[in-house]
Amino acid sequence: MNTQKNNIIIAPSILAANVGNLAHDIKYVVNAGADWIHVDVMDGSFVPPITFGDNVVSIARSATAVPLDVHLMIQNPDLHLERFKDAGSTRIIVHQEACQHLHRTLGEINSLGIKAGVAINPGTPVETVFDVLDLVDLVLVMTVNPGWGGQKFIESSLKKIAHLKEHILKIKKNILIEVDGGINNETAKQCVEAGANVLVAGSYIYGAQDRKMAISSLKK
Ligand code: DX5
Ligand code: ZN
């Protein structure tokens, strides 16, 4: 894994990459300092768009050795966990709102021998994941409503991040707090101050003239 300056992990979202040139676009950001690659899987039901399947995770796995952070914005993720694991996911993140039996789903991801994360939408209280923190190494606090890149950061996420951080410190667990949506050099700073340590960014990195500079501006 790359050196993580200040312990801040940068995970570019390939939603904003050129899918026609995906392997190149993944290698490019890894060479420019990205720590992980974030893959946004959407099913056209939990969120309106349809994006990537496990085949795209396989392409990403062949392109790089860095951890693949696979964000499933899909209903009934239980049906697909094994395929996403076989494709090379390092971590599978499922949405609290998409799981009928969240505890069981996270247990199944753990039993596949990979890391499990849980995500919450901007409208979901953070306390709704407190009872599954034993089963995850990461909580993803969505800072936009999931579905599209390039949306505006939702400020009220900051107090959720701070509340989660406080709880994690209280229960003495080693859990990462990831943010995703509308992350740029300014919102990144606010999120890190609130307690986030993993920053997902799509348009800010892939839309930049200088992707290396964009990544290092997030790490500062
Ligand atoms: C949104 C996705 C994000 C998206 C972020 O549903 O989960 O990962 O790619 O895009 P930006 O960074 O452009 O807001
Ligand atoms: Zn995402």
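Brief remarks follow.
- Those lysines that a straight Cα-Cα span of less than 22 Å connects to Lys160, excepting residues fewer than 8 apart in one chain: Lys152, Lys170, Lys172, Lys173, Lys189, Lys219
- Taking the DSSP bridge list for the chain and keeping only pairs wholly inside it, about 5 percent are antiparallel.
- Projecting the Cα atoms of Ile109, His38, Ala162 onto the charge dipole of the chain, computed from C-beta unit charges around the Cα centre, puts Ala162 farthest toward the positive end.
- The solvent-accessible area of Arg83, taken with every protein chain present and a 1.4 Å probe, is close to 120 Å².
- Computed from point charges on the beta carbon alone (+1 for Lys and Arg, -1 for Asp and Glu), the dipole magnitude for the chain about its Cα centre is near 660 Debye.
- Cβ-Cβ FRET estimate between Thr90 and Glu155, R0 fixed at 35 Å, reported to 0.05: 0.70
- Around the amide H of Ala201, modelled in the peptide plane, lie the amide H atoms of Ala11, Ser13, all under 5 Å away and 5 or more residues distant in sequence or on another chain.
- The HN-Hα couplings worked out from phi for the stretch 105-120 by the Karplus form 6.51 cos²θ - 1.76 cosθ + 1.60 (θ = phi - 60°) are 4, 5, x, 5, 4, 4, 6, 7, x, 10, 7, 10, x, 10, 10, 10 Hz, whole numbers, x standing for Gly and Pro.
- Residues whose amide H comes within less than 5 Å of that of Ala119, counting only those at least five positions distant or on another chain, are Val94, His95, Gln96, Leu140 (H built at 1.01 Å from N in the peptide plane).
- Taking only protein heavy atoms and a 1.4 Å probe, the accessible area of the chain is 50% carbon and sulfur.
- Probe 1.4 Å, protein heavy atoms only - accessible area per residue of the chain in square angstrom: 45 Å²
- Only protein heavy atoms count here; under a 1.4 Å probe, His80 has an accessible surface of about 60 Å².
The values are calculated or read from the model by the stated rules, or taken from the named source; none is laboratory data. Everything quoted here is computed from the prediction, not taken from an experiment. FYI the Cβ positions are ideal-geometry reconstructions off the backbone, even for glycines, and counts take in every protein chain you see. Areas reflect the complete protein model, heavy atoms only, side chains present, ligands, DNA and RNA absent. Shrake-Rupley method; radii C 1.70, N 1.55, O 1.52, S 1.80 Å.
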